[in-house]
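Comments concern the structure below.
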Amino acid sequence: MKRQIITIDETRCTGCGECIPGCPEGALQVIDGKARLISDLFCDGLGACIGHCPTGAMKIVSREAEPYDEKRVMHESIVKGGPNVIAAHLRHLMDHGQSDFFQQALEYLEEEGIANPLEREAVLQPAAHQTNAGHHHAAHAGGCPGSRTIDFNTNGKTEAGVAAVPGAPVQSALRQWPIQLHLVSPQAPYFQGSDLLLAADCAAFAVGDFHGKFMSGKSLAIACPKLDSGMDIYVDKLAAMIDLSHINTITVAIMEVPCCGGLMSIVAEALRKASRKVPVKKVVISLQGETLSEEWV
């Protein structure tokens, strides 16, 4: 079959091995001083390894290749690496919106009686180490610090949008990190059973009291349907939040400009793909931050 798969330019490859950790499936090895794709079967074609290559030797091409087999990859490569490798692989799938492969991986773990390490992380999350800022950070096995899953401790915080004392900074309602839809993991603990706010990138800049008015008590994801790429990934991630994280509701905050309506289309497609159904509220914001309309759709 013809599908997307990694190719490596040997003239650029220095054999540094920086790409290897980005491929938990084990499709890459450094052999004879060069990174090599050792199995078409193990390459999912998502390109997570590309961003780690310092010389630009790697890219995704479309060619005839053996179909990717998630359960075989789990059996022959992932599980033997232990819980940390399993967890890294599951995060890799969800961070790239691969909900079908993710479900196949979970099915394999269940069939083999192997514990899902992400479930244990969700249990341990509240007990994660506390930073000097008074927040609780989730444990994370490597990856870009900017996309590291962090669940902020909101216990004892002042109500969002309200200063603790006159003249003090207004309290943030942000409960998590990251927030950009490409970076969030749909199964992050802060999405579990939450009310999701999906906001257009510009919305928070238009509304002066955005935190207090829209974010309080909600998990958050932001996106721009006009400038962002990978809308299919957005659809898969939202579908995974609905089915795997069991979010309760989705509030879509968009600007009045026509291009913002694309966020509603993404949500509608995710709902068609998901097996669960959740209520969706559409909020339209003017360019000067006024709420023009607010309705359940």
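The values are calculated or read from the model by the stated rules, or taken from the named source; none is laboratory data. Fair warning: this is a prediction, and the values are worked out from it, not measured in the lab. Positions of Cβ are backbone-derived with ideal geometry, glycine not excepted, and every protein chain shown enters the neighbour counts.
Which residue is nearest to the chain's Cα centre (by Cα), if the candidates are limited to the range 1-52 and must be among the aliphatic types (A, V, I, L, M) and more than 22 Å from residue 79 (Cα to Cα)? By that ranking, first place goes to 50. The residues of the range 59-85 that are among the charged types (D, E, K, R) and part of a helix (DSSP H, G or I), listed by number, are 70, 71, 72, 76, 80. What about residue 115, is it assigned to a strand (DSSP E or B), touching a residue at least 12 places away in the same chain (Cβ under 8 Å) and over 18 Å from the mean Cα position of the chain (by Cα)? Taking the combined requirement at face value, the residue does not satisfy it. If the condition is being basic (Lys, Arg) and farther than 29 Å from residue 243 by Cβ, then the range 273-297 contributes no residue at all. Taking the criterion of being over 29 Å from residue 101 (Cβ atoms) and touching a residue at least 24 places away in the same chain (Cβ under 8 Å), the residues of the range 252-270 that qualify are 253, 254, 255, 256, 257, 259, 260, 261. Residue 93 satisfies every condition listed in (1) among the hydrophobic types (A, V, I, L, M, F, W, C); (2) within 26 Å of residue 241 (Cβ to Cβ); (3) not in a helix (DSSP H, G or I) except (3). Collect the residues in the range 23-43 that are outside any strand (DSSP E or B) and out of contact with any Leu (no Cβ under 8 Å at 6 or more places or on another chain), keeping them in residue-number order. If the condition is that a residue be outside any strand (DSSP E or B) and out of contact with any Leu (no Cβ under 8 Å at 6 or more places or on another chain), then 23, 24, 25, 26, 32, 33, 39, 40, 41, 42 are the ones that fit.
Scanning the range 9-18 for residues that are surrounded by fewer than 15 Cβ atoms within 10 Å (Cβ to Cβ), touching a Ser or Thr at 6+ places or on another chain (Cβ under 7 Å) and either part of a loop (DSSP other than H, G, I, E, B) or assigned by TED's automatic domain parsing to the domain that holds residue 182 (or both) turns up at least one hit.
Here's the yes/no breakdown for (1) surrounded by fewer than 21 Cβ atoms within 10 Å (Cβ to Cβ); (2) within 15 Å of the chain's Cα centre (by Cα); (3) of a type outside the set (Asp, Glu):
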| position | (1), (2), (3) |
| --- | --- |
| 231 | yes, yes, yes |
| 244 | yes, yes, yes |
| 250 | no, no, yes |
| 254 | no, no, yes |
| 259 | yes, no, yes |
| 272 | yes, no, yes |
